[in-house]
Amino acid sequence: WRAAEAQLDAALADPQWTALLPGEGAELQTPAQKPAVIVDIDETMLDNSAYQARLVVDGTSYGSASWAAWVSERRATPVPGALAFAKAAADKGVTIVYISNRTHDMAADTIANLRAYGFPVEEANYYGLGVEVPGCTPHGSEKGCRRIAAASRYRVLLQVGDQITDMAQLTSNSPAERDALFNQ
């Protein structure tokens, strides 16, 4: 998170800076747009270790019903450094855009969980699964359309997530494609 904060200052200083790739919103970026950072939620902003521990203790595995119940409890805690980063970004006039694979019907509980810890979050800047983006067809849980929606409103300075698909679309999940995408 400290490295992200250092990069944020460099990005703010360069009006041409964008963290988006061509075809995923880079072409929509202009210096006049309000700056933003796109973040994933689970294991990036919120830590769900307690849910995982519960599964182990109960001798069960992930399931959509147990996950929905966990989200409704609003007990996920901040990942170390995430809250400080989000507040520092907001203090610099940077909007935090949350793009999550939590379903759209989990939005109220997710936003309440984030707000309970002081994360700067507005409902308009939460993009869960099920958010429709005109002219864009999503592929499963892929976040590309939601990145494009954010890019139409904001100049995206950084993207932060716990896996590469939080920041770019993979067409095949091979080591060669992941390496090529990382280099891009």
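The values are calculated or read from the model by the stated rules, or taken from the named source; none is laboratory data. This is a predicted model, so every value here is computed, not measured. In this analysis, Cβ positions are derived from the backbone assuming ideal geometry, glycine residues included, and neighbour counts consider all displayed protein chains. Accessible surface is based on the protein model in full, side chains and every heavy atom, while ligands, DNA and RNA are left aside. Shrake-Rupley method; radii C 1.70, N 1.55, O 1.52, S 1.80 Å.
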> What is the Cα centroid distance between region 11-48 and region 91-123, reported in whole angstrom?
Replying inline: 16 Å
> Which of Val133, Val121, Val37 moves the most in a Gaussian network model of the chain with Cα springs under 10 Å?
Replying inline: Val133
> How much of Thr60 can a 1.4 Å solvent probe reach, expressed as accessible area in Å² and rounded to 10?
Replying inline: 80 Å²
> GNM on the chain, C-alpha springs below 10 Å: top fluctuator among Ala69, Ala53, Ala11?
Replying inline: Ala53
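To the nearest 0.05, how large is the calculated FRET efficiency for Ala90 and Ala26 if R₀ is 25 Å and r is the Cβ-Cβ distance?
Numbers: r = 24 Å, r/R0 = 0.96.
The computed FRET efficiency comes out at 0.55.
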> Ignoring ligands, DNA and RNA, what accessible area per residue does region 96-184 give at 1.4 Å, in Å²?
Replying inline: 49 Å²
>> At 0.36 nm per residue, and after removing the present C-alpha to C-alpha distance, how many nm does the segment from Asp9 to Glu123 gain when stretched out fully?
In response: 38.5 nm
>> Could you compute the net charge surrounding Ala26? Neighbours are other residues with a C-beta less than 12 Å from the C-beta of Ala26; K and R count +1, D and E count -1.
In response: 0
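For region 77-184, what value does the Rg/Rh ratio take when both radii are computed over Cα atoms and Rh is the Kirkwood radius, given to two decimals? Working shown, then result.
Numbers: Rg = 14.5 Å, Rh = 15.1 Å.
Across region 77-184, the Cα-based Rg/Rh ratio is 0.97.
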>> Counting only protein heavy atoms and a 1.4 Å probe, tell me what percentage of the chain's accessible area is made up of carbon and sulfur.
In response: 55 percent
> For Arg75, what charge total do you get from the other residues with a beta carbon under 11 Å from its beta carbon, if Lys and Arg give +1 and Asp and Glu give -1?
Replying inline: -1
>> Just to verify a number: what accessible area does Asp179 come out at with the full protein assembly present, 1.4 Å probe, Å² rounded to tens?
In response: 90 Å²
> Relative contact order, percent, of region 45-132 when contacts are C-alpha pairs under 8 Å separated by at least 6 residues?
Replying inline: 31 percent
> To the nearest 10 degrees, how steep is helix 144-153 against the longest Cα principal axis of the chain, on a 0 to 90 scale?
Replying inline: 50 degrees
> Given the Cα-Cα distance of Ser61 and Ser141 and 0.36 nm per residue of separation, how much length would full extension add, in nm?
Replying inline: 26.8 nm
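Which residues make up the longest stretch of the chain that has no GluC sites (Glu not before Pro) in a DSSP loop with at most 13 other Cβ atoms within 10 Å? Intermediate results must be reported in sequence, preceding the final value.
Details: sites that count: Glu122, Glu132.
Result for the longest clean stretch: 1-121.
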> Restricting attention to region 46-106, which chymotrypsin sites (Phe, Trp or Tyr not before Pro) occupy a DSSP loop and are surrounded by at most 13 other Cβ atoms within 10 Å?
Replying inline: Tyr62
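Which sequence of Ser66, Ser100 reflects their accessible areas, 1.4 Å probe, from the largest down?
On the way: Ser66 40, Ser100 0 Å².
Of Ser66, Ser100, the descending order of accessible area is Ser66, Ser100.
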> For the Cα atoms of the chain, what angle does the longest principal axis make with the long axis of helix 49-58, in degrees from 0 to 90, nearest 10?
Replying inline: 30 degrees
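Among the DSSP beta bridges whose two residues both lie in the chain, what percent are antiparallel, rounded to the nearest 5?
Details: 2 of 16 bridges.
Given both bridge residues lie in the chain, the antiparallel proportion sits at roughly 10 percent.
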> Under a point spin-label approximation (7 Å from Cα along Cα-to-Cβ), what is the Asp162-Ser72 distance to one decimal in nm?
Replying inline: 2.3 nm
> On full extension of the chain, what length is gained from Gln52 through Gln33, given 0.36 nm per residue of separation minus the C-alpha to C-alpha distance?
Replying inline: 2.9 nm
